[in-house]
1. Taking amide H positions as placed in the peptide plane 1.01 Å from N, state which residues far from MET980 in sequence (5 or more) or on other chains have amide H under 5 Å from it.
2. Just to be sure I follow: if Rg is taken over the C-alpha atoms of region 213-481 and Rh is the Kirkwood radius over the same atoms, what is Rg/Rh?
3. Residues with amide H under 5 Å of LEU651's amide H, sequence separation 5 or more or different chain, H placed in the peptide plane at 1.01 Å from N; which?
4. Calculate, in nm to one decimal, what ASN1001 and THR816 gain on full extension: separation in residues at 0.36 nm each, minus their alpha carbon distance.
5. Students often get this wrong, so check it: of LYS441/LYS491; LYS378/LYS423; LYS787/LYS870, which have C-alpha atoms separated by over 18 Å?
6. Report, in cubic angstrom per residue, the convex hull volume of the C-alpha atoms of region 784-1014.
7. Using only Cα atoms, locate the centre of region 301-353 and the centre of region 169-246, then give the distance between them in Å, rounded to an integer.
8. Can you tell me what percent of all Cα-Cα pairs in region 363-411 are more than 13 Å apart?
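The values are calculated or read from the model by the stated rules, or taken from the named source; none is laboratory data. Keep in mind that what you see is a predicted model, and the values were worked out from it rather than measured. Backbone-built Cβ (ideal geometry, glycine too); neighbour counts: all protein chains shown. Please note that ligands, DNA and RNA were not included when accessible areas were found on the heavy atoms of the full protein model with its side chains. Shrake-Rupley method; radii C 1.70, N 1.55, O 1.52, S 1.80 Å.
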Amino acid sequence: MIPNYHLLTLPLTTLFYHKQCLAEPLKPQYGGGIINAGLRGWSNSGLSADTTRASASGNTFAVVRSRRKPYQSVSQKVYLHKEKLYTLSAWVRIDEGNAVVGAVFKTAGDGFVHAGLVEAKSGCWSMLKGGLTVKTSGPADLYFESKNTTVEIWVDSVSLQPFTQEQWRAHQEESINKVRKKMVRIQAIDAKGNTIPGANISIQQTRPGFPFGSSTNENIINNTAYQNYFASRFTVTTFENEMKWYATEHMPGKEDYSKADAMLAFAKKHNIPVRAHNIFWDNAKIQMPWVHSLSRTQLWYATSKRINSVMSRYKGQVIAWDVVNENLHFSFFEDKLGTDASNVFYQEAHELDTDTMMFLNEFNTLEWPEDQFASPSKYLQKLREIQSYPGNRANMAIGLESHFGVPNIPFVRSALDVLANAKVPIWLTEVDAANDTDQPKYLEAILREAYAHPAVQGIVMWTGWRPGPCEKMCLTDSNFKNTAAGNVVDKLIAEWKTGRAVGSTDKNGYFETQLFHGDYDILLSHPSVNSSLHSLKVDSGTRYAFEMNACCLAEPLKPQYGGGIIRNPEFNAGLRGWSNFGFSTDATRASASGNTFAVVRSRRKPYQTWVRIDEGNAVVGAVFKTAGDGFVHAALVEAKSGCWSMLKGGLTVKTSGPAEVYFESKNTTVEIWVDSVSLQPFTEEQWRAHQEESINKVRKKTVRIQAIDAKGNTIPGANIAIQQTRSGFPFGSSTNENIINNAAYQNYFASRFTVTTFENEMKWYDTEYMPGKEDYSKADAMLAFIKKHNILVRAHNIFWDDPKYQMGWVNSLNKTQLWTATWNRINSIMSRYKGQVIAWDVVNENLHFSYFEDKLGTDASKVFYQEAHKLDADTMMFLNEYNTLEVPQDWVASPSNYLQKLREIQSYPGNSANMAIGLESHFGVPDIPFMRSALDVLANAKVPIWLTEVDCANDANQPKYLEAILREAYAHPAVQGIVMWTGWHPGPCDKMCLTDSNFKNTPAGNVVDKLIAEWKTRQAVGSTDKNGYFETQLFHGDYDIIISHPSVNSSLQSLKVDSGTRYEYMIQIQEISI
């Protein structure tokens, strides 16, 4: 009887889908702010011919004709205050072609201040968005300019809105509270759902969730003071030069990664992710002379060698690649190899590392509003070119170098707003600021603005330490004492971290607090329970409910369901309703608090009697002796002296009739203490209803879409059609070498499944049957097919602990030789498939067998998990075992023993593997109530749970059994994936087959197809209501959304729905002229 702790979280951030060019301009933001409407208040700038014109729909706008100078346009006088921040927006259009149009303020004190640029087009209106501050208050002239003097400039809906410093900062704080924090509510409850008031809660953040860091360089390799300073502050880094081409291959063919390797070893030791900077730099000035001398063919060869060299070396060890650096300002590779050179590099980089972000890294997009090469609109245009290159599916991201002089913070915000429309991650990658007395102020303003913006997902400063004078921005002096800029950084690190949150649950068992995203330790204590330490990761997708359990209680809790059909479940009436089983001595006893419980003494047989014991630890089981089904085992738990453990299980019977429930332990020397017994029956309908309720909670999400224009006006009556393109829950089947050249099998498989496990083709005995003769050809071929169809792969397995499956040559090795062989094995397979698999079964069946422990020592498997994590730090490491769900009486693999083994691996010194629970699930006749109870117990580990090899008894009831297993697993909140053990083989069916030899469904296959269809959203269609809303419930997965309206062009958007999906989406769509 264990108290549960539910963590409750609150919503909500809004996403925008933005159309760049509209048939009619929208209304001015903020009603125009301090700008006058029409041509009243506007004057001629530069002797151009200015007038107004009206569209067919009656909209009036300004037209500037007969332009001979770039600056000739309409102009308006405004008064600018130095202490205020100004946001600017305007809608611009030209009469033919495309041209860059900018907004400029001519001031008396600050000269010409550029506020923003946009590429304007003929035929539609583009939004120019920018901002500015001034150093000197005074009058100014706002005008629009274009270097293309042959075009007319059309202007409408101009807005200039001032904000005080306080208003600006308040908006930042509001945004930070929405996108960097999460409101969580912890409720302490017992197993029956009764709340526990007065439980003490202490929450300590152990690591921030937002990646914030600094560049570093080779000086860190042997400098302990620098290492200590760095590792105590930063959670991400970029190597300044050490991964660049000129640093690793200064002379052709002579590669040297020693500096980068040493720096990476330091970063990995301290769990600091690394951005790989860079594969190529498009600036001709920094190319090595030998690169300049190459012919076109030679350069293609050299670039291919470079990209393969650096990416194969660091794949899986970095979180991002700067593929082509400064690709907007420079074009060395395009000039040498053709205009698509960079597009090809991004395509190749993605093929080499499909899961990692590929950055377009550029300067001046945030820093300098007048730079036409890298303006936000130009940046998005370049990004679209790369994304649209045929066959390119790179996970693109936006890298903004952010080498500021004096920052224009309103422009920074407007630029980020524009770039956010790309819907890809945005990072500030090389932040520094002007090296003058105001540098700390500039730096703080930049960092606050970036951290507050919802689209920004990480920040790296360009502040690597070097001996000697500071070049531009340094955080410390030569003794690692903070500079003023360093003080700013430390202040913000502390400010953006949750201080220790402590308190007690209220009368309803609740404790509520707001936490920054990150990792936390939570200590829960109460007079009735032992203190319990739990971990929690808080991010935008943190679940509303989060359960934590204390393991062993000072007093048992009340029986679930009031005991159900058990009489006298708490022994408050002595032993009434209970009898002696097996000639033991039975009595009741009372605790110091007055709680009464049963005590069974003088036990001579394991089955005698009727969960706490009087000394030590012992396994206690619950058994039902039935007339028709014999002895039915319902559950096991390891009971302890000194506290009460909850035995949780379940059963079904084939034959109705009387039964006796009793408790047993093979350890006959201990007394068994029993209390709060509950046995609750459910009908099939009630059980199924609970499954459906759980599925609606954990596999679906209610999404509300609101159609709006750019000003925020709602669009009622917009037609919405939502089509699911891919399931979000990983559901699949094992496969084998038969799929390699069998088109029918391939078509069957790829049309159904989203995840697979290779049955034998990755196992050691299949890849190195003879020592030193490795053959991965079958696994490689299967992986090629799987990747082609975007199917995820679980790597099964690195080692199998069963002695029956070891090769003869392995059995013949001595201890030293076996250590060497296992080391070669783990390095061989993991280096080959790292980054291509989502999970590793590191040691298979490690509870039932102990081959490697017997040969190498008791810690052998723990060492394997530790080494596997070092080789692939981001991938799940599974403990894969049978009978945990299938056989209630198998103590070796019982849920409590499984958790004990998991904790042993997790607690091994230095092991920080991303552990996961693999449950093979080779059922005979499934005991579904026990399965649920086992999953409940295992869920307390707070790691992913997968059913990895599902099959069941091959009899006439197999389809019914399979459906029951799959429904129960899919409905359980802790289960994150299911793989069936149903790979196709020619010939008779061994145990469970989904098709016959012609790939026609068996009854089991029909069950699978039925559930795939049932667990997928059918097309959701409808119209937005009078407030512009359309609401529907969707299964997790990927969707296409088509939105149309008589006044707008049809628009296709994509959406991913999962547990972290926001409730509400605002979708901005393009108006058309009438």
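1. When sequence neighbours closer than 5 places are left aside, the close amide H contacts are GLY732, SER733, SER734, VAL950.
2. Expressed as Rg/Rh, it is 0.95.
3. When sequence neighbours closer than 5 places are left aside, the close amide H contacts are PHE930.
4. Between ASN1001 and THR816, full extension yields an extra 61.5 nm.
5. With Cα atoms farther than 18 Å apart: LYS787/LYS870.
6. 144
7. Value for the Cα centre distance between the two parts: 31 Å.
8. When all Cα pairs of region 363-411 are counted, 60 percent exceed 13 Å.
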